[in-house]
Every structure is written in structure tokens, then in C-alpha cells.
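Engineer: Below you'll find the structure I mean.
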Amino acid sequence: MSSVIAKKPGTKVTRKNLVAGVQSDFSFAQIYRVQPIDRIRLMRTGVPARYINVIADSMGITKDTLFRYLNLPRSTVDKKLAASQILPIEQGERLIGMAKLVGQVESMIAESGNPDGFDAAKWVASWLEKPSPALGGEKPSAYLDTISGQEMISDLLAKIQTGAYA
């Protein structure tokens, strides 16, 4: 799949179809745009382990890299993948947090008016590995294993959009 969990254009995002989207398709941008309560419902309903592969493929990174970013236990997730099961809520939450970051970048680029040819997932993967002056020279990827860290990275992306950290 070239873009994670692609949603059909023009489909209205509602609580019902977001939660149902766990079993079907939705987009990074949709995950970013919905209300937090809807993301919580999604995580409680269950995030399929197969989204590990979909997100890693979309970002152009290995599963192992995504495991490392999100501090996911390889053996547990591999078992869930093999059995087509859902992830435990805390693991699903970190995975959805990653999708939300990519969706944030997709939305930022769409707002700029020129999203043609831009691959937000691959850009995020590259950006996560570059040391950031705003993080004291650390890579953004070092903060993806906690929800607080993901929120901090989201705030940094928002500051980049405004030009505070170019």
C-alpha cells in the first residue's frame, strides 16, 4: 500500500465510521483530524497488528525500525501479526500516535496549497532521524516511545509550520 490506510475521498468522518475504520480503511490525515475521544474509541476497539506493516511500508522503513521508534515488543507484535489480532491498547496507542504525526504533516502540506508529489510518510521517516536544535541536538525519533514524547514532537512540527524552527 502506498499510503497508510487510505480513505475514500469525500467520505464523512464520523465516530461510527472511524471506529468501523479499524476493520476497513482510513487515512493518516483522518486520524490526525478527528477528536481525541474518537481516537480513544479507535484504540479501545482495537488497532490491528497488521497496521505495523502498513505504516512501516508507507514510511519506507523496516518493521524493526518502527518497533524501535515505538518501543514495541517484537515477539508479542509478531505473534499478533501472525494471528491477525489486535494490539494491546498501549501499543495501539503508540502506533496511532505515529499515524497521527504523519497525518499532521499531510494536513500541513495540504493547507500550504501544494501537496502534489509530497509523500508525508516518507518525509516524516527522514525527518525523525535528523538531529534537531529544538531538541538539544537529539533526533525526534528518540521521543516516539511515549505519548508525551509524541505530543512534544507534534508541537515541534506545529512550530516548524509557523517558522519558529526552520
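Engineer: Less than 12 Å apart at the alpha-carbon level, and either on another chain or at least 8 residues along: which aspartates and glutamates does that give for K130?
Structural biologist: Answer for K130, where 12 Å is the Cα cut-off: E138, listed by chain and number.
Engineer: Ranked highest first by the average count of other Cβ atoms within 10 Å around their residues, in what order do 149-157, 113-121, 96-104 fall? Mind dumping the intermediate values first?
Structural biologist: Values: 149-157: 17.3, 113-121: 13.6, 96-104: 23.9.
The packing order, highest mean first, is 96-104, 149-157, 113-121.
Engineer: Please compute the modelled spin-label separation between R33 and T45, points set 7 Å along Cα→Cβ, answer in nm with one decimal.
Structural biologist: 1.7 nm
Engineer: Just to be sure I understand the curve: with the Debye formula and one point per C-alpha of the range 15-162, what is log10 I(q)/I(0) at q = 0.11, 0.13, 0.15, 0.16 Å⁻¹?
Structural biologist: With no solvent term, the Cα-only Debye profile gives -0.39, -0.55, -0.75, -0.85.
Engineer: List the residues whose amide H sits under 5 Å from the amide H of S27, counting only those 5 or more places along or on another chain, with H placed 1.01 Å from N in the peptide plane.
Structural biologist: Amide H neighbours of S27: K7.
Engineer: What order do you get for 28-38, 68-78 when each peptide is scored by the mean count of other beta carbon atoms within 10 Å, highest first? Mind showing how you got there, number by number?
Structural biologist: Numbers: 28-38: 18.5, 68-78: 15.9.
Descending packing order for the listed peptides: 28-38, 68-78.
Engineer: While we're looking at this one, here's another question. Using a Cα-Cα cut-off of under 15 Å, which aspartates and glutamates could be cross-linked to K79, ignoring same-chain neighbours fewer than 8 residues away?
Structural biologist: D64
Engineer: Checking the cross-link filter: which aspartates and glutamates have an alpha carbon closer than 14 Å to that of K122, excluding same-chain neighbours under 8 positions apart?
Structural biologist: Cross-link targets: D57, E106.
Engineer: Let me ask something additional. Please turn the phi angles of the range 57-63 into ³J(HN,Hα) values with the Karplus equation 6.51 cos²θ - 1.76 cosθ + 1.60 (θ = phi - 60°), one per residue in order, whole Hz, x for glycine and proline.
Structural biologist: Along the range 57-63, the couplings run 4, 4, 7, x, 10, 7, 4 Hz.
Engineer: Here's a follow-up. Would you mind checking which residues have amide H under 5 Å from I86's amide H? H placed 1.01 Å from N; only 5 or more apart, or other chain.
Structural biologist: A49
Engineer: Moving on. Quick one: order I61, I55, I109 by neighbouring beta-carbon count within 10 Å, fewest to most. Could the numbers behind the result be given before it?
Structural biologist: Numbers: I61 21, I55 24, I109 18.
Fewest-to-most ranking of I61, I55, I109: I109, I61, I55.
Here, each number is a calculation from the coordinates, and none is a lab measurement. Since the structure is predicted, the reported quantities are computational estimates derived from the model, not experimental observations. FYI the Cβ positions are ideal-geometry reconstructions off the backbone, even for glycines, and counts take in every protein chain you see.
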